[in-house]
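Enquirer: Please find one structure pasted underneath; my questions will follow.
The values are calculated or read from the model by the stated rules, or taken from the named source; none is laboratory data. Worth saying up front: this structure is predicted, and the values here are computed from it rather than measured. With ideal geometry, Cβ positions are generated from the backbone for all residues, glycine too; neighbour counts draw on all protein chains shown.
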Amino acid sequence: MLNLDQYASLGAALRDALDRWPNEVCLIEADRDREKTRLTYSDFKETARPLARALEDAEFRPGDRAAIIMTNQSKWLISAYAIFHCGGIVVPLDYKLTAAEHLLLLAHCEAKFLIIEYHLWRALTQSPGFQSHEFKIALVTEAPPNADLSGAYRWEEFRRKGDPVFVPRQREDVACIVYSSGTGGRPKGCVLTHDNYLEQCKSLTTWYPFWPGVRYLSILPTNHAIDFMVGFIGPFVCGACVVHLRTLRPEYVRDAFVRYKITYVSLVPMVLKNLERGLQAKFDELPAAKRFLLHRLVALNKVLTRRRPRVGLSRKLLPQVHQAFGGELLALITGGAFVEPSTLQFFYDLGIPVANGYGLTEAGTALTLNDLKPFRADTVGKPLPGVELRILNPDSDGIGEVAVRSRTVMARYLDDPELTAETIVEGWLLTGDLGRFDGRGHLQLFGRKKNMIVTEGGKNIYPEDIETVFDGLPVKEYCVFAANYLWPAKQLGQEYLVLVLRLEQNQQLTDALRQDIEARNRRLPDFKRVARFVVWDKDFPRTASMKIKRAALADEIGKSLDRAAAVGL
Amino acid sequence: MRTPDQTLDEILSLAAAHFKVPREKLQPDDDFFKTLGINSLQTLDLLTRLEQHFQVELPDYELQGVSDFRTLAGRIQTRL
């Protein structure tokens, strides 16, 4: 891989990578079983440079912000490289947000350049707030031939001849602004520097290296910190290849493992669980004798890999299982949300190591990772090289808030010095997660100190962000909480949101009110919905400026009501 | 050519069969995540089943923001 210590910016490292491995394949893009694009590093360079030149001609200046809203595909990475080449800042936005949410974040980050897929652009232009937003340049990918682009340009045609000027950046310059949440209220734009990314990349590849020939299957959205790092920067600075699939249908994902002989893949817990279920169902269908033999072989593999993974041996013991994953899989990478230890153990026992980790956008990508020496399903691993972790105010069980100090920690929240000061205290980032270290230096997580949940799909949901959907609800007042914030559980998983209702005097909880709540809840994307509600019989405590004192209210509810008091919606 | 109502009815029948729930339990405006008790990954399975039945290709993004059968039927109808 490139020696990242020699580079001051992502753009410089990526530029050298394109020259270092000209004939290696860096990108494959497939739509279902059809391969659409296959680019070598040299091809990538030839595609990205005319775009960089066109951006330059369109007065894209160093430090300008360009938002990308795209599903995982080659044009995402090509665009990001072109932006870095011009010294710009990439703002990756989650393509699964609604158009209104996109507009809110675009306004917050003040991106004047936008690169977006056609169907998302169409939704954006039809959104009520669109007219008030001015883009200097919007580039739309894959637009149909006669489509009305509402002033945007076609990405495919936005190219200029000539050498684009490479704009050098310094380590402390901003590389990306990544939103960790805040679509409903207070946007949290994590300002991440080139130093953050280069240090994170160096640290991750120390334990999980890439090299030419490695193929990484990119399934997590590229706007997500994990995929941006291990599905773009990491592979590229090592001469490896990224495989994009334009669909997440399980049957095509399974095919891709085999067709492209995938080496690494990152998965959210939901997908991992789905894979486990699929494999388990196949095992259950085996005739009794074969099933018995399989269980014996799995047991043998478990014994032989107790101290460390022995992938070569596991492939020989359980060839059919490994062939189903293409035969060259070295590890499944997971993190970002709670994964049941039994699921992790299931894969490890089959000889497929699982790199389970923990991280947050504010700290780059990952803080801890399983080093597989030996594999542990009950922890989120050890701190990565260069990461210092501390447990603040531990209780009698050693559990306290996890704080981190590392060169991977963001510079600040965009335009929010107050929140930055609350979150980064004397150089330590307060994660809001509760954990402790065991005797072997592994971090175990036990829940969250903050009022938020992380879904099985790896999404951070802050209750404050979704409350607006209940605006105008005919009750005296309401508030949304994470269940584990109301009733601390000292465990991860089973996280859900609870709507707390304070009814008017003499008001009854009628069927009509319930239906109103349900209808509003349905306007939210499925992963953001409130799961339960409780009726609270006291006025909410409020500040002088009439803001709800959430912590005080949560404390009062937690002490007065049992978790079972929350009724399903 | 199917009418929108026929498309909707066929989707309800297919979903009922695929997820093994009684057809009469499904209504056009039902939230299919809730009624069928499925997650977003399982809805992709349903999409594949619908593609095979209607002989159309439905990109994953057609399901984005959709959670009821009627809207889903509308998206499919435009591609028939």
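Enquirer: Among the helices (runs of 4 or more DSSP H) lying completely within chain B, list those that include at least 3 residues that are under 30 Å from A:Ile69 (Cα atoms) and in contact with a helix residue (DSSP H, G or I) (Cβ under 7 Å, 6 or more places away or on another chain). Before you say what the answer is, go through the steps one by one.
Expert: On the way: elements: B:4-18, B:32-36, B:40-54, B:69-77.
Ranges flagged: B:40-54, B:69-77.
Enquirer: Keeping to the range A:86-109, report how many residues are more than 23 Å from A:Ala54 (Cβ to Cβ), within 19 Å of the chain's Cα centre (by Cα) and away from chain B (no Cβ under 14 Å).
Expert: 1
Enquirer: Then there's this: State which residue is nearest to A:Glu456 (Cα to Cα) when the search covers only the range B:9-34 and only residues that are surrounded by fewer than 19 Cβ atoms within 10 Å (Cβ to Cβ) and within 12 Å of chain A (Cβ to nearest Cβ).
Expert: From the range B:9-34, those surrounded by fewer than 19 Cβ atoms within 10 Å (Cβ to Cβ) are B:9-10, B:13-14, B:16-31, B:34; that's our starting set.
After this cut, where a residue has to be within 12 Å of chain A (Cβ to nearest Cβ) as well, the list is B:29-31, B:34.
Working: B:Asp29: 26, B:Asp30: 23, B:Asp31: 20, B:Lys34: 16 Å.
My answer is B:Lys34.
Enquirer: Only one residue in A:Pro168, A:Pro145, A:Pro235 is of a type outside the set (Asp, Glu), in a helix (DSSP H, G or I) and more than 21 Å from A:Val387 (Cβ to Cβ), so which one is that?
Expert: Values: A:Pro168 fails: in a helix (DSSP H, G or I); A:Pro145 fails: in a helix (DSSP H, G or I).
Result: A:Pro235 is the single residue among A:Pro168, A:Pro145, A:Pro235 that is of a type outside the set (Asp, Glu), in a helix (DSSP H, G or I) and more than 21 Å from A:Val387 (Cβ to Cβ).
Enquirer: Can you tell me which residue is nearest to A:Met270 (Cα to Cα) among those in the range A:515-550 that are without any contact (Cβ under 8 Å) to a residue 40 or more places away in the chain and not in a loop (DSSP other than H, G, I, E, B)?
Expert: Per the criteria, the residue is A:Asp526.
Enquirer: Going through the range A:389-403 one residue at a time, which ones are within 25 Å of the chain's Cα centre (by Cα) and not basic (Lys, Arg)?
Expert: A:Leu389, A:Ile391, A:Gly400, A:Glu401, A:Val402, A:Ala403, listed by residue number.
Enquirer: Return yes or no: is A:Val253 within 14 Å of chain B (Cβ to nearest Cβ), β-branched (Val, Ile, Thr), without any contact (Cβ under 8 Å) to a residue 60 or more places away in the chain and surrounded by 19 or more Cβ atoms within 10 Å (Cβ to Cβ)? Working first, answer last.
Expert: Details: within 14 Å of chain B (Cβ to nearest Cβ): yes; β-branched (Val, Ile, Thr): yes; without any contact (Cβ under 8 Å) to a residue 60 or more places away in the chain: yes; surrounded by 19 or more Cβ atoms within 10 Å (Cβ to Cβ): yes.
Criteria met by A:Val253.
Enquirer: Take the range A:32-60 and flag every residue that is within 14 Å of A:Arg159 (Cβ to Cβ) and of a type in the set (A, V, I, L, M).
Expert: A:Ala48, A:Leu51, A:Ala52, A:Ala54, A:Leu55, A:Ala58
Enquirer: Also, quick follow-up: For the range A:433-461, which residues satisfy the criterion of being outside any strand (DSSP E or B), more than 14 Å from every other protein chain (Cβ to nearest Cβ) and crowded, with 21+ Cβ neighbours inside 10 Å? Working first, answer last.
Expert: The initial filter retains those residues of the range A:433-461 that are outside any strand (DSSP E or B), namely A:438-442, A:449-452, A:455-459.
When the remaining residues are screened for being more than 14 Å from every other protein chain (Cβ to nearest Cβ), the result is A:438-442, A:449-452.
Selection gives A:Met452 alone.
Enquirer: Further, regarding this structure: Could you check A:Asp64 against (1) over 28 Å from B:Asp60 (Cβ atoms); (2) touching a helix residue (DSSP H, G or I) at 6+ places or on another chain (Cβ under 7 Å) and say which number it fails?
Expert: Condition not satisfied by A:Asp64: (2).
Enquirer: In addition: What are the pairs with Cβ atoms under 6 angstrom where one residue, in the range B:35-59, is under 22 Å from A:His119 (Cα atoms) and more than 10 Å from chain A (Cβ to nearest Cβ) and the other, located anywhere, is modelled with pLDDT of 85 or more and part of a loop (DSSP other than H, G, I, E, B)? Sequence gap at least six, or different chains.
Expert: Once the first residue is under 22 Å from A:His119 (Cα atoms) and more than 10 Å from chain A (Cβ to nearest Cβ) and sits in the range B:35-59, its partners that are modelled with pLDDT of 85 or more and part of a loop (DSSP other than H, G, I, E, B) give B:Val56/B:Arg79.
Enquirer: OK, next. Which pairs have Cβ atoms under 8 Å, sit 6 or more apart or on different chains, and link a residue in the range A:51-76 that is in a helix (DSSP H, G or I) to one that is acidic (Asp, Glu) and surrounded by fewer than 24 Cβ atoms within 10 Å (Cβ to Cβ)?
Expert: Once the first residue is in a helix (DSSP H, G or I) and sits in the range A:51-76, its partners that are acidic (Asp, Glu) and surrounded by fewer than 24 Cβ atoms within 10 Å (Cβ to Cβ) give A:Arg53/A:Asp163; A:Ser74/A:Glu29.
Enquirer: OK, next. If you scan the range A:106-138, which residues turn out to be assigned to a loop (DSSP other than H, G, I, E, B) and touching a residue at least 40 places away in the same chain (Cβ under 8 Å)? Can you show your working first?
Expert: Pass one, the range A:106-138, residues assigned to a loop (DSSP other than H, G, I, E, B): A:110-112, A:126-129, A:133-136.
Once the filter is applied, which keeps residues that are assigned to a loop (DSSP other than H, G, I, E, B) and touching a residue at least 40 places away in the same chain (Cβ under 8 Å), the range A:106-138 yields A:Glu110, A:Ala111, A:Lys112, A:Lys136.
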